[in-house]
Every structure is written in C-alpha cells, then in structure tokens.
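Working notes, beginning with the structure itself.
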Amino acid sequence: MKKKLRNFIFQELVFVAEPEQFSDDDNLLEAGLDSMGIMRLIMFIENEYGVTLPDTEIEPDNVQSFNALEQWILRHQNG
Amino acid sequence: MSLLSAFNRQCQNAPDNIAFIEGDRQLGYRQVLQRADQLSACLMANPCRRVVIALDRGIDAAIAILAVLGAGACYIPLDIKNPANRLNYIINDANAQYMIGKGQRPGWLETPALWLDIEQLTDAPQIASRPVEASAEALAAILYTSGSTGTPKGVALSHRAMCNFADWAADTFRISQNDRIASLAPFHFDLSVFDLFSSLGCGAAVHFIPAGLTLSPSRLTAWLSEQQISVFYTVPSLLSFIALKGSLAATPLPDLKTVLFAGEVFPTPQLKTLCELLPDVNFYNLYGPTETNVCCYWPVERKRLQTGQTIPIGYPACGAVLQIDAETGDLAVQSTSNLSGYWQQGQLINALSADHYYQTGDRVSLNERGEYCYHGRLDRMLKCSGYRVEPAEIEAVLLQCPEVISCAVIGITDATCGQRPAAAVVLKPGDRLEAVIKPVKQKLPVYMQPCKFIELETLPYLSNGKTDYQELHRQLENN
C-alpha cells in the first residue's frame, strides 16, 4: 500500500529530490503537501482502496506521513 | 480620500465594536486605533515612505498596516514563508525605510531598512502626534506578485484605487457593522483588501481563520459555524474542498449569507455541490488581476450551473470600463481601481496606456446575455491555488543551477485543483535531476514549486525555433 501511495504522492503532489531518502515517518506536510494535495490524495485513496474516509477525520495527524496514512486507511478497510 | 477615512469614522462612531478576533484575542475599534497610532508615532520619528510588513496574517500584521497608513506611508506585505533570497529581492526592490516584524532582526536580512519589533512597541509610551491624511494619489500598498521577467513584480496601488474597490464591495455586498467576516487571505494577496478595508470601513468584525484549518475542511466548517461568520471571501480551490469534504450536510451555517470567490476558475460541478449544500447563501464570482482589483463580477445564478459549462465573470464592477480587442480577445480595463504603476528598483514605472487602460492579457468574450466570459491567458501565466505564477520566474531559478542547459515550465491542469507548474529540464551530460530539484525547492515559495520534473535530451521546438509547448504538455502530462 505504501508503495502505491508513494508513487502517487511523489509523482502527482509533492516533488522531493530523493524519494528513496524520504522515510515513512518523514513529514509530508513540511515537504509541501497542501490542502489541494490532500483533497486529491483522499480522492485517490477512496477510489483505489474502496474506502470512505470520514470528513471529520481529515486532519493533519492522519495525513502527515506514509505510516499515518496507511494506519488511517487500514482502520477503515477493516471496519 | 484616505484608505483610513472610513475606519477612522467607525472608531469615532462605534469605538466599542469588535474589530479583530484571532483565537482568544479580541480587540475593539478604539483599542486597534490606539495601538496603530502608537506604532505610527514610532514610524514618524524618521522620514518614512515605505514600510515592509514581515508578519504572518493576523491582528499584529493588520495593526502594523493601519499604522503604516496612519504615518502617511505605503505598506509592503511579505509572505514570510518565502525563501530568503526572494524576500531580500523584494525588500531591496521596495527600497523601504522600515520593516515591522516580531522578535529580533533576522540574520538573513540584507537591507539597510530599520527593524521594528512589534512586541516591544506595545509597551512604549504613546507619543503625541497627529496621523497624516494621505492624498488620494499617494501609494497605499505595493503587492508583489510573480513577474514575467523572472523576478517578483510590485503592483503599486494608490489610496484612491484601494478605496474605490473597498467602497464598491462594501456597498455591493451590503456590509454592515453586524457582519462577521472570515479572513484567510494573506495580506500580500489582493483578496485581503476586502477583508481589511471593506470590513473596517463598515464597522464589521474581522475573524482571522486559524492557520492549519485549511488542512481540515470539517474543522473549518465547524469554525465558520461557531464564529457565526456571515461573509467569506476566498479562492475556489478551498471552497471545493469544503464542498466535497467539509461535512456541510451535518453543519448548517445559518449565519453565512455571502460567499465571494476569486483568483481562479471555480469548476462548475463543485460550485453546484456547494450551492446545493448552502441553499440560502448568495455566491459571487469576482474577477480581476491584482493590477485592476475586481473589474467584473457575477452573482451566481443557481439554475444556470450546468456541468460542462464554465460560469461567466459577469458584469463590469467598481465603475470599470472594459474593452475587448477584436482580434485577440485581450481584455483592457479602465478603472479608478487601476494600479499607479509597477514598482521597480525604488521607482514607479507606468503600466497603463495613454488613455489609462490596463491590458490584462486575459482572453474574454461577451455572451448573448451581455456577460463577460473568461477563456484563459494569452500568455503563459498560471494560476495555482489562486496565486499567480509566471513560468519565467521558475525558469530563471532553474537556469541559475550550473547543471541546467535549458528548461521550460508549463501548467498541468487538474480537474479538481486547477493548474500546477511542471518543469522539463535539459541537463549537462553526467548531471542528475536530484542536484537541481533541491536548490530550486529552497529558492521558490511552495505554490511556485513544480509538482513534476522530467529530464529531456532537448526541448521540443517548432519549425520557427520557438518552444513547442503543446508537445511539452503531452510529454509532461503523460510522463
């Protein structure tokens, strides 16, 4: 899952010089993920994984890193 | 006719009205005036024509702006999140005498301008002095935007120009002292002229939206509800986010009566959704470059919103006279709100034709109802999250990298978010793209950073030797 998220984010939303150096805990918001990026990311996730992410959970905490994103998605896939 | 006249009247008539709310901090009109006068007095200790505001959006920055105007000077708001090289360029181009910031003078500053710490001044004793009444033609603000020559460009606005817009908006949208106005636009962005001056001129309260809420649309909606916001002027991309993910169905906004948007084209499907979720709100599409401020507006007619059709920009606003070039469709604007000129290296450079028209470079037409419709740019300028971005400014930064032989920047269009810059780069043999991206990201503000880079052996050219932008679009959008 993280590989797909990485591909989408680094190809479409945030451009970092060396993606392989960007860890799963590094801060995506500091790297340039903004409100428009978050909106596109959520649409991508909902399409790709067939989940509905509740509006009220769209928070910096849930989107700030690849690990946070994965946990957020998994909570809704299983629930 | 000073930009402060209407505000000063409100301070006399309704001094106890709330002027600003930011988090737990709340100031009435009288308190705001007192603090601004205090700061004006400090500024007037030395001859002072132009003052850079190096503060984040909020009460302190708003007071600093009022103080600068009260001292008869012109304010230059910075986006302090910009990289230091860009900030130093702007500060030196503005040739300011003072900078107002918070805390100690930052080490990266390369300017002879004096630094004033706004936190130190609040305790300073008040010096008796009368604020200066500025002449209508005096400059009130210089707003720096992206420039097509590769460096930021200062749009110089007079008191007359800014008053013309502030008064038009206050009348047209019937702003009153009962209004609570949500403010999100940074002060270097022309939407803030409404937030500050249309509001304060009417005795309304300005509520600063906490930073970070734009990343969490349902919290933003909840905030709009709690604060009983009645008027909100922002960019379509943020309104789209609220429409799609803002929990509006569960959070009715009974106090909200007017939503204004500008800065980019609002995709019709999202606007339709928003209109359905907020059935009692009046929406207005405002149009105009920073150079003219709003020169066209369209009260949104819900029944005319059809997916696949772009909404019109509507009718002339602010008393503007509009002309369309019969061949190119270029829109020219003659308006009291027009800029005084571009500010360059400490001088004002004329930007208008002999009969005072400003050529926008926007391609427009008139429809059968007599409404103006926008069809895009005649040049390469992009609109990214409402910000204006000149590809030439990004290219100039790329070309500063020793690894880069040539480059071209275009806008990739996204159905939900509008345009984003993307770059194609030709490198010297043996050099890697990674070496270029890092410095480029340090030198450009976030909204100007390309979201995509590709490396090419050569740029595509047309037979006449010009860059083939269509082919570039194909390569960057498919890559």
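Based only on Cα atoms, what mean projected area does the convex hull of the stretch B:5-377 have, in nm²? If you can, show how the numbers build up before the last one.
Working: hull surface 74.8 nm².
Orientation-averaged projected area of the Cα hull: 18.7 nm².
Accessible surface of B:SER247, taken over heavy atoms with a 1.4 Å probe and every protein chain present, rounds to 20 Å².
Phi angles of the stretch B:309-316 translate, via the Karplus equation with coefficients 6.51, -1.76, 1.60 and θ = phi - 60°, into HN-Hα couplings of 10, 7, 6, x, 8, x, 10, x Hz per residue; Gly and Pro are given as x.
Volume of the convex hull of the stretch B:332-371 (Cα atoms only), normalised per residue: 85 Å³. When only alpha carbons of the stretch B:197-251 are considered, Rg and Dmax amount to 11.9, 34 Å.
Normalised size of the protein assembly as shown, defined as Cα radius of gyration per 2.2 N^0.38 Å with N residues, equals 0.97. Shown for the stretch B:428-479 is the translational diffusion coefficient from the Stokes-Einstein equation, using the Kirkwood radius over Cα pairs, a temperature of 25 °C and a viscosity of 0.890 mPa s: 190 µm²/s. Rounded to two decimals, the Cα radius of gyration of the stretch B:11-71 over 2.2 N^0.38 Å is 1.15.
Here the relative contact order of chain B, from alpha carbon pairs under 8 Å that lie six or more residues apart, stands at 12 percent.
Here's how it looks for B:CYS74: its modeled amide H is under 5 Å from those of B:ARG50, B:VAL51, which are all 5 or more places away or on a different chain.
Taking the Cα centre of chain A as origin and assigning +1 to Lys and Arg Cβ atoms and -1 to Asp and Glu Cβ atoms, the resulting dipole is close to 320 debye.
Relative to the current alpha-carbon distance between B:ARG25 and B:ARG377, full extension at 0.36 nm per residue lengthens the span by 122.5 nm.
Modelled spin-label separation between B:ALA211 and B:ASN350, with each label point placed 7 Å from Cα along the Cα-to-Cβ direction: 4.2 nm. Length gained on full extension, B:LYS466 to B:ALA249, computed as 0.36 nm times the residue gap minus the Cα-Cα distance: 73.0 nm.
Shape annotation for the stretch B:260-342: C-alpha extents along the principal axes are 42, 27, 20 Å, from largest to smallest.
Taking all Cα pairs closer than 8 Å and separated by 6 or more residues, the relative contact order of chain A comes to 38 percent. Residues within the reach of a label modelled at A:ASP25 (point 7 angstrom out along Cα to beta-carbon, backbone nitrogen below 13 Å), restricted to the stretch A:48-75, are A:65-68.
Computed over the alpha-carbon pairs of the stretch B:382-478, the distance histogram in 10 Å steps reads 16, 51, 30, 4 percent, short to long.
Rounded to whole numbers, the Karplus 3J(HN,Hα) couplings from phi for the stretch B:174-185 are 6, 6, 9, 6, 8, 6, 10, 10, 7, 10, 10, 5 Hz, using 6.51 cos²θ - 1.76 cosθ + 1.60 with θ = phi - 60°, and x at Gly and Pro.
Largest accessible area first, the listed residues B:MET44, B:MET448 line up as B:MET44, B:MET448 when surface is computed with a 1.4 Å probe on the assembled protein chains. Computed from backbone phi with θ = phi - 60° and the Karplus coefficients 6.51, -1.76 and 1.60, the 3J(HN,Hα) list for the stretch A:53-64 is 8, x, 3, 5, 9, 6, 9, x, 4, 8, 10, 7 Hz; x is used for glycine and proline.
Counting only protein heavy atoms and a 1.4 Å probe, the protein assembly as shown has 42 square angstrom of accessible area per residue. Over all Cα atoms in the stretch B:366-437, the spread is summed up by Rg and Dmax: 16.5, 59 Å. Legend: calculated FRET efficiency, B:HIS473 to B:ASP16, from the Cβ-Cβ distance at R0 = 51 Å, rounded to 0.05, equals 0.35. Close amide H partners of B:LYS452, meaning residues 5 or more places away or on another chain with modelled amide H under 5 Å apart, are B:ALA423. Summarising the amide proton neighbourhood of B:CYS384: residues at separation of 5 or more, or on other chains, whose placed amide H is nearer than 5 Å comprise B:VAL389. Counting only protein heavy atoms and a probe of 1.4 Å, the accessible surface of the stretch B:5-377 is 47% carbon and sulfur. Name the shape class, rounded, prolate or oblate, that the alpha-carbon gyration tensor gives for the stretch B:135-261, where a ≥ b ≥ c are the square roots of its eigenvalues, rounded holds for a/c under 1.5, and otherwise prolate holds if a/b is larger than b/c and oblate otherwise. In terms of gyration-tensor shape, oblate. Solvent-free Debye calculation, one equal scatterer per alpha-carbon of the stretch A:25-79: log10 I(q)/I(0) at 0.12, 0.17, 0.31 Å⁻¹ equals -0.24, -0.48, -1.47.
Where both bridge residues fall in the stretch B:5-377, DSSP classifies roughly 55% of the beta bridges as antiparallel. Which of the lysines could a cross-linker bridge to B:LYS441, judged by Cα under 21 Å and excluding same-chain residues fewer than eight apart? Within the straight-line cut-off, B:LYS441 pairs with B:LYS81, B:LYS153, B:LYS383, B:LYS428, B:LYS452.
The values are calculated or read from the model by the stated rules, or taken from the named source; none is laboratory data. All figures in this text were calculated on a predicted structure; none of them were measured in a lab. For neighbour counting, all protein chains shown are included, and Cβ atoms are generated from backbone atoms with ideal geometry for every residue, glycine included. In case anyone asks, the SASA skips ligands and DNA or RNA and just uses the protein heavy atoms, side chains included. Shrake-Rupley method; radii C 1.70, N 1.55, O 1.52, S 1.80 Å.
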